[in-house]
Amino acid sequence: MAFQEFNDTGYWGKPTATIDWCEKNYEVNYYVAEMWNTISNLMMIIPPLWGIWDMKKQKFAQRFFFCYSFILVVGFGSLAFHMTLLYEMQLFDELPMVWGTCYCVYCLSIVKHDMKSKIIPNKLLLLTLIIISIGFAIIYLAWPQPLLQHFCYGILVAISLAQEIKLILEFKCAVCKRMFIVAIALYLFGFFLWNIDNILCKNITILREHIPMFLQPFTQMHAWWHIFAGYGVYIQVLFCIHSTYDYHKKYKHSSVLLPEHMYFSIRWQKTTKSDCCSSAVNDLGQSTFHLSSALL
């Protein structure tokens, strides 16, 4: 999207990023280029911080620390990008998005691997993803076209979703299915708003001029993308944790991992196998309830 002609220059000077979004620059604060696009990144900072603390407390595998860490890095990168609109901060946002999704693909591929083993599993895929991450970074630095980043990131997201669907079909886990439905619904709704922000920017800008100022933040579609997509990605990490430990039931014979606190936590609970995964049939009404609750 081209830079908006009506935007002013603030503390960080003229934007050098290859993208500017629909929020009017420096409208709220002289030191923050896009206020609402900036603070909305708290959804990709606070939850993963909680997730890191929670996984340490519950002694989950170290791999999940890096899952949360990548979300956290993207959150800080996106915050810095929208606060400054500088090219360097744009890279801080966009490169970790691709790297983190590569790591997610890897984690989903090793769900069945023995977590107590010191052998690095699926080394060929890991090497391939490292090469892809480095190769993308080199190409993107040489050819900084936003569509390239969008395409690579989108392909990796599609691969991770396909992996999750495969795990659901294989494990026949009702909890996995519910978590996947909630996560994908949140993410796709956020992606829908992201497109609205891009396609209908002029219309949204005109709308903001005719509504009270206190309502204008609610029209920041890119900020809503941060919130919904960040929430969805966070739940996908919980999905990976649950599917991993559900497969390795030997670690907890009489307990299962179930989501709590509006899918912000996942806890060991005493229950029967039929209450969680295995051959239990997932009730559509229950899935709808969880989805509706998450969107409130």
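Per-residue answers, yes or no, for (1) surrounded by 13 or more Cβ atoms within 10 Å (Cβ to Cβ); (2) modelled with pLDDT of 95 or more:
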| residue | (1), (2) |
| --- | --- |
| GLY10 | yes, no |
| LYS14 | no, no |
| LEU42 | yes, yes |
| ILE46 | yes, yes |
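Collect the residues in region 129-149 that are without any contact (Cβ under 8 Å) to a residue 60 or more places away in the chain and surrounded by 13 or more Cβ atoms within 10 Å (Cβ to Cβ), keeping them in residue-number order.
To start, the set of residues in region 129-149 that are without any contact (Cβ under 8 Å) to a residue 60 or more places away in the chain comprises 129-143, 147-149.
Hits for region 129-149 are LEU129, ILE130, ILE132, SER133, PHE136, ALA137, ILE139, TYR140, LEU148, GLN149.
Testing GLN236 on (1) at pLDDT below 95; (2) within 21 Å of VAL98 (Cα to Cα); (3) of a type outside the set (D, E, K, R), one condition comes back false. Which one is that?
If we test GLN236 against (1) at pLDDT below 95; (2) within 21 Å of VAL98 (Cα to Cα); (3) of a type outside the set (D, E, K, R), just (1) comes out false.
Which one of these does VAL256 not meet: (1) assigned to a helix (DSSP H, G or I); (2) under 28 Å from SER117 (Cα atoms); (3) among the hydrophobic types (A, V, I, L, M, F, W, C)?
VAL256 satisfies every listed condition except (1).
Could you list, ordered by first residue, the pairs with Cβ atoms under 9 Å in which the first is in region 157-168 and over 13 Å from ILE110 (Cβ atoms) and the second is open to solvent by 60 Å² or more (accessible area, probe 1.4 Å), at least 6 apart or interchain?
From residues that are over 13 Å from ILE110 (Cβ atoms), the pairs are ILE168/LYS177.
Can you name every residue in region 111-128 that is part of a loop (DSSP other than H, G, I, E, B) and either small (Gly, Ala, Ser) or free of Cβ contacts under 8 Å to residues at least 60 places away in the same chain (or both)?
Step one: list which residues in region 111-128 are part of a loop (DSSP other than H, G, I, E, B), which gives 111-122.
Of everything in region 111-128, those that are part of a loop (DSSP other than H, G, I, E, B) and either small (Gly, Ala, Ser) or free of Cβ contacts under 8 Å to residues at least 60 places away in the same chain (or both) turn out to be HIS113, LYS116, SER117, LYS118, ILE119, ILE120, PRO121, ASN122.
Could you run through region 159-208 and say how many residues are open to solvent by 20 Å² or more (accessible area, probe 1.4 Å) and among the acidic types (Asp, Glu)?
Residues meeting the conditions: 1.
Let me confirm something: among VAL74, VAL111, VAL98, which residue is under 22 Å from GLN163 (Cβ atoms), open to solvent by less than 10 Å² (accessible area, probe 1.4 Å) and modelled with pLDDT of 95 or more? Step through it out loud before you land on a result.
On the way: VAL74 fails: open to solvent by less than 10 Å² (accessible area, probe 1.4 Å); VAL111 fails: modelled with pLDDT of 95 or more.
From the options VAL74, VAL111, VAL98, the qualifying one is VAL98.
Here are some residues: LEU200, LEU258. Which one is out of contact with any Pro (no Cβ under 7 Å at 6 or more places or on another chain), at pLDDT below 90 and under 22 Å from LEU186 (Cα atoms)?
Numbers: LEU200 fails: at pLDDT below 90.
Checking each option against the conditions leaves just LEU258.
Keeping to region 170-214, report how many residues are within 30 Å of VAL256 (Cα to Cα) and in a helix (DSSP H, G or I). Write out each step before concluding.
Let us first name the residues in region 170-214 that are within 30 Å of VAL256 (Cα to Cα), namely 170-189.
After this cut, where a residue has to be in a helix (DSSP H, G or I) as well, the list is 170-171, 174-189.
Residues flagged as within 30 Å of VAL256 (Cα to Cα) and in a helix (DSSP H, G or I) within region 170-214 amount to 18.
The values are calculated or read from the model by the stated rules, or taken from the named source; none is laboratory data. Bear in mind the structure is a predicted one, so any value in this text is a computation, not a measurement. Glycine also receives a Cβ, built like all others from the backbone with ideal geometry; neighbour counts cover every protein chain displayed. When the accessible area is computed, the model is the full protein with side chains, heavy atoms only, and any ligands, DNA or RNA have been set aside. Shrake-Rupley method; radii C 1.70, N 1.55, O 1.52, S 1.80 Å.
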